[in-house]
Amino acid sequence: MPEPDDPPRPPRKRRSDAAMSGMVATAVLAVLAGLTVAFVLIGG
């Protein structure tokens, strides 16, 4: 629990559009890599 004399935290900054796009692109690439590995293992 925060102490009563702690200063209030500033509101969290919203991620920029570029940062959000990068996170989405990274997730998509990770999923595609996983699917590729699965197909190779299943087909091999």
All positions within region 3-24 that are modelled with pLDDT under 80 and among the β-branched types (V, I, T): none
Single condition A27 does not satisfy, out of (1) assigned to a loop (DSSP other than H, G, I, E, B); (2) surrounded by 10 or more Cβ atoms within 10 Å (Cβ to Cβ): (1)
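The values are calculated or read from the model by the stated rules, or taken from the named source; none is laboratory data. Small disclaimer: the values here were computed from a predicted structure and weren't measured. A quick note on method: Cβ atoms are made from the backbone with ideal geometry, for glycine too, and the neighbour counts reach across all protein chains shown.
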